[in-house]
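Working notes, beginning with the structure itself.
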Amino acid sequence: MSGSLLQNKEKINDALKLYSRGGEGKPVTEDWNTIRENFVIAVKTIHELAKTPEDIAALSRKQKKAFIHLFRALDNSLAHLKAFSNYTEDILPKFDFSEEEYEDYAAMYNNVMEELKKEPEESSSEAPVLDDYDLIAYNKLRIDFEYIVELLQGVVESLDQTKDNYNEADFEIKINLIRQMINEFAEAKPKLAELLYQIVDEIAKNPESYIGKDISIIINQMRYEAINKEVDAFAKKWFIDPEAVKYEVFNYQEGHLSGENNLKDKADFTTYTETVPNPLPKFKFRKVLINEFKNNLIENISPLLY
């Protein structure tokens, strides 16, 4: 695992602790109305200090340090707000705020942090601003398939009421957070995301049936079933043994089949001509077979191969 990916996963794990309200294993009594009010106060406080993100550049050093702490409070409350199932995108404008404004303030936050780290403190009595907080409300971290599966496994393990860390109240918020992660993951891997959405929905509907289950095994079974479905459809169309097709799928590299001629030879052209109306001539049959393998089958299957 690369260092940057490890850092990203640590940040995501911190976010999970926040969203699940279990930071130190002590659930807090926060409801939607309380979190919403905290967010409203945080927005008003930021706007009082700097009505727009552009105004921050003109603030004094002391005011910029105040901005750092105020924006962290806003980020924290917004992250909590987004964890509730009744959060929708049209809520922010009602509070004179938006995702774009958040991102602009976040950019200024990062600039100010760099500025404060470079410049020495004005006096020894002035407390430094520690760089110990990661913005999480709209984190742009790249979330990988395996880590989402790990998070799902953690949620499933927390369902066991015989264990000390069981907390029924945490379940919905953890599931909502993971759904948000899948939303981001879906931008790059929509087909794998479909499988993740499916299993998350199933866990949410019937959590007890997943106690003691290995989510990685279940999700990989779903993944291979989806691959096999595509392979079987191709094999049926071209009258080839599915195992021969599958071998070429898993050995396909950089636009080349491991045994292109072998795959052509294994296609049952005789049965094809006896079964399909208006069959292609043999030379065209073999050419179209390979083109469809590369352009259709591989295109449909490659997103399922991570």
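Out of the GluC sites (Glu not before Pro) in the range 177-220, which ones are loop residues according to DSSP with at most 11 other C-beta atoms within 10 Å?
Glu187
Picking from Pro279, Ala193, Phe234, whose Cα lies most toward the positive end of the charge dipole for the range 146-305 (charges on Cβ: Lys, Arg +1; Asp, Glu -1)?
The one lying farthest along the dipole's positive direction is Pro279.
Taking each pair of different alpha-carbon atoms in the range 40-117 once, compute 1/r for the pair, average those values, and report the inverse of that mean as the Kirkwood hydrodynamic radius in Å to one decimal. It would help to have the intermediate numbers written out before the result.
Details: mean 1/r = 0.0775 Å⁻¹.
About 12.9 Å for the range 40-117.
Convert 25 °C to kelvin, take the viscosity as 0.890 mPa s, use the Kirkwood radius over C-alpha pairs of the range 190-306 as Rh, and evaluate the Stokes-Einstein diffusion coefficient in µm²/s, rounded to a whole number.
The calculation lands on 153 µm²/s.
Setting aside same-chain residues fewer than 8 positions from Lys117, which aspartates and glutamates have a Cα under 16 Å from its Cα?
Glu126, Asp131, Asp132, Asp134
According to a simple spin-label model (label point 7 Å from Cα along Cα-to-Cβ), what is the distance in nm between Ala204 and Ser98?
2.8 nm
Dipole magnitude of the range 231-306 about its Cα centre, charges +1 at Lys/Arg Cβ and -1 at Asp/Glu Cβ only, in debye to the nearest 20?
Computed charge dipole of the range 231-306: roughly 280 debye.
Readers should treat all values here as calculations from the given coordinates under stated rules, not as data from a laboratory. Everything numeric in this text was worked out from a predicted model, so none of it was measured. Neighbour counts run over all protein chains shown; Cβ positions are idealised from the backbone, glycine included.
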